[in-house]
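The structure appears below as structure tokens.
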Amino acid sequence: MSHVFHRSLKQSYPTAVSGDGPYLIDDQGRRYLDASGGAAVSCLGHSDADVIEAIREQVSTLAYAHTSFFTTEPMETLADFLVERAPQGLESVYFVSGGSEAIEAALKLARQYFIEIGQSQRKHLIARRQSYHGNTLGALATGGNEWRRRQFEPLLIDVSHVSPCYAYRGLRDGETPEAFGIRLAAELEEQILQLGSENVMAFVAEPVVGATMGAVPPVPGYFRRVREVCDRHGVLLILDEVMCGMGRTGTLFAAEQEGISADLITIAKGLGAGYQPIGATLVSGRIHDAIANGSGFFQHGHTYIGHATACAAALAVQRAIESRDLLPRVRRLGEELSQRLHERFGEHPHVGDIRGRGLFQGLELVANRDGKTPFDPDLKLHARIKKAAMEEGLMCYPMGGTIDGKQGDHILLAPPFILDDNHLDELVQKLDDALRSALGGL
Ligand code: PMP
């Protein structure tokens with residue numbers, strides 16, 4: 001019997017023993033095409049020689065130095081690298097070990113900023129329904145995923161949730177995407193006014209939604225309007241790019257494609273590409289300066305922040321993405337993948353929507369396309385698909401859950417940026433086989 005407290009205590013897992021480019025290999029020698037990058041993590045695949053060498057070198061010179069005593073060269077260089085490429089105004093980087101920690105740091109930085117500038121009454125957060133921002137208590141409170149929150153709600157801080165930018169289900173009859181975006185920004189503004197704008201600290205959103213919907217890009221203009229609403233009321237904008245950032249959508253930051261910047265941006269997953277656990281919160285000059293010129297100390301800190309080996313790995317990952325020109329490749333492969341998904345599943349009776357950006361694509365499954373009726377959640381279709389896909393030798397990231405009876409089953413595809421066209425063929429074929437097997441008899 002395993003002594004590991006596994007994610008699910010009702011299933012067993014194959015033992016992964018090695019990686020080979022976009023494949024993971026188990027102890028039986030079975031190969032799995034990693035079409036989800038784990039959970040949108042492994043953007044360089046599983047055996048990148050440059051990253052492995054960078055880790056080896058760092059570990060053998062200096063594995064770790066506690067940040068209350070030292071700074072380190074890999075941490076300084078990685079911060080420079082990110083700030084040089086970040087959306088305007090983001091001028092410093094707070095390093096952590098993952099996505100939830102990056103969100104926690106962003107929330108506390110927002111709070112401390114307002115205390116430093118004498119607006120300590122600003123403490124209310126607004127986020128969106130059907131969102132996911134992590135599983136620690138602050139991040140969980142921020143997210144609007146009912147299934148994840150429900151049993152922990154008594155422990156969660158009070159956060160207001162507005163409608164997500166989810167065109168497939170949110171667009172009204174005859175409404176244009178632009179009008180939808182305007183309506184949602186107005187809803188946010190109404191919520192701010194209702195709470196009293198002087199009490200609102202920040203609005204948190206993912207530019208392209210991942211874990212709760214399987215890759216949903218915003219409608220054009222939505223984020224520009226959100227930015228205007230936040231500015232009008234002195235509310236900070238926190239963009240969660242933990243999943244969609246670091247090149248996943250074809251630009252280093254997803255916000256670039258919205259033509260906006262943010263006060264705080266969180267990143268993780270693709271930052272270290274799974275070679276080391278690392279996340280970060282990018283901080284605007286305004287927030288940094290308010291703290292630097294005020295108390296001078298961010299009241300936070302974990303033991304492993306700015307871990308030297310993790311920073312060296314992330315730097316090697318990001319340099320590889322740049323020097324190998326992988327972002328144009330993500331855009332080209334993303335279009336190719338989207339086209340193949342539409343060709344194969346566009347008329348599928350149980351695929352209601354295919355959406356995404358770059359190598360971040362999602363399929364929404366429905367019992368009935370015309371009514372967009374979700375499958376009965378008790379069928380746990382997402383779990384069946386995951387199992388069937390693993391049997392086919394494919395990792396995809398299906399998820400489910402029900403919100404207002406509306407959210408159904410989704411599949412997230414977030415493959416490594418190093419795929420070639422043959423891998424795309426394999427991906428689509430195996431997904432088709434897995435869907436046929438999972439839907440059989442339903
Ligand atoms: N934010 C977003 C948008 C995410 O997708 C996730 C993870 N799926 C997180 C935060 C939390 O990241 P982690 O699991 O690394 O704590």
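What follows is calculated from the coordinates using simple rules that are stated; it is not laboratory data. Everything numeric in this text was worked out from a predicted model, so none of it was measured. Neighbour counts are summed over all protein chains in view; Cβ atoms, including those assigned to glycine, are modelled from backbone coordinates with ideal geometry.
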Task: Backbone HN-Hα couplings from phi across segment 96-113 [Karplus 6.51/-1.76/1.60, Hz, Gly and Pro as x] - done: 9, 10, x, x, 4, 5, 5, 5, 4, 5, 4, 5, 6, 5, 4, 4, 5, 3
Open item on the list: What percentages make up the Cα-Cα pair-distance distribution of segment 4-56 when the bins are 5 Å wide from 0?
Closed with: 4, 17, 21, 21, 21, 10, 4, 1
Open item on the list: On a full-extension model of 0.36 nm per residue, what is the gain between A16 and I157, subtracting their alpha-carbon distance, rounded to one decimal in nm?
Closed with: 47.0 nm
- [ ] Could you check the simple spin-label distance between S437 and E343, using points 7 Å along Cα→Cβ, in nm with one decimal?
- [x] 2.4
- [ ] Please report, in cubic angstrom per residue, the volume enclosed by the convex hull of the alpha-carbon atoms of segment 128-181.
- [x] 82
Open item on the list: How much length would be gained if the chain were fully extended between E57 and E322, taking 0.36 nm per residue of separation minus their Cα-Cα distance, in nm to one decimal?
Closed with: 93.3 nm
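To the nearest 20 debye, what charge dipole does segment 19-68 have about its Cα centre, counting +1 at the Cβ of each Lys and Arg and -1 at the Cβ of each Asp and Glu?
Magnitude of the dipole: close to 100 debye.
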Task: Calculated from backbone phi, Karplus (6.51, -1.76, 1.60) coupling profile of segment 247-262 in Hz, x at Gly/Pro - done: x, 4, 9, x, 10, 4, 10, 5, 4, 4, 6, 9, x, 10, 10, 9
- [ ] Filter the chymotrypsin sites (Phe, Trp or Tyr not before Pro) in segment 263-324 down to the DSSP loop ones having no more than 13 other Cβ atoms within 10 Å, then list what survives.
- [x] F297
Open item on the list: Quick check for you: which residues of segment 197-221 have the amide N under 14 Å from the point 7 Å beyond the Cα of I182 toward its beta carbon?
Closed with: 220-221
- [ ] Filter the trypsin sites (Lys or Arg not before Pro) in segment 23-59 to those in DSSP coil with at most 15 other Cβ atoms within 10 Å of their Cβ, and list the result.
- [x] R30
Task: Packing-based ranking, highest mean first, of 248-255, 284-291, 232-239 given that Cβ atoms within 10 Å are counted - done: 248-255, 232-239, 284-291
- [ ] Express in nm, to one decimal, how much length is gained between D80 and E175 on full extension, taking 0.36 nm for each residue of separation and deducting their alpha carbon distance.
- [x] 29.8 nm
Open item on the list: Counting each pair of different Cα atoms once, what's the Kirkwood radius of segment 160-225 in Å, rounded to one decimal?
Closed with: 12.7
Open item on the list: Rounded to two decimal places and with Rh computed the Kirkwood way over Cα pairs, what is Rg over Rh for the chain?
Closed with: 0.96
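So, by mean Cβ neighbours within 10 angstrom, what's the order for 132-139, 190-197, 429-436 with the highest one leading?
132-139, 429-436, 190-197
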Task: Cross-link pairs K108/K386; K269/K386; K10/K387; K269/K387 - those with Cα-Cα distance over 25 Å - done: K108/K386
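Only bridges with both residues in the chain count here: give the DSSP antiparallel percent, nearest 5.
Approximately 65 percent, going by the DSSP bridge assignments.
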Task: Approximate shape of segment 104-252 as ellipsoid semi-axes (Cα gyration tensor, √5λ), whole Å, largest first - done: 23, 19, 15
TODO: For segment 52-323, give the magnitude of the charge dipole about the Cα centre (Cβ charges: +1 Lys/Arg, -1 Asp/Glu; no others), in debye to the nearest 20.
DONE: 580
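Which of the trypsin sites (Lys or Arg not before Pro) found in segment 313-379 are loop residues per DSSP with 16 or fewer other Cβ atoms within 10 Å of their Cβ?
Sparse-neighbourhood loop trypsin sites (Lys or Arg not before Pro): R324, R369, K372.
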Open item on the list: Contact order normalised by length for segment 324-363, with contacts defined as Cα pairs under 8 Å and 6 or more residues apart; what percent is it?
Closed with: 43
- [ ] Mind listing the long-range amide H neighbours of L236? Cut-off is under 5 Å, sequence gap 5 or more, other chains count too, H placed in the peptide plane at 1.01 Å from N.
- [x] A202, F203
Open item on the list: Under 10 Å, Cα contacts only: if you run a Gaussian network model on the chain, which one of H161, H348, H382 comes out with the highest mean-square fluctuation?
Closed with: H348
- [ ] Could you grab the relative contact order for segment 128-247? Cα pairs under 8 Å, six or more apart, rounded to a whole percent.
- [x] 26
Open item on the list: For segment 25-89, take every pair of Cα atoms, bin their distances at 10 Å starting from 0, and report each bin as a whole percent.
Closed with: 15, 29, 36, 16, 4, 0
- [ ] Determine the relative contact order of the chain: mean sequence separation of Cα pairs under 8 Å and six or more apart, normalised by residue count, in whole percent.
- [x] 22
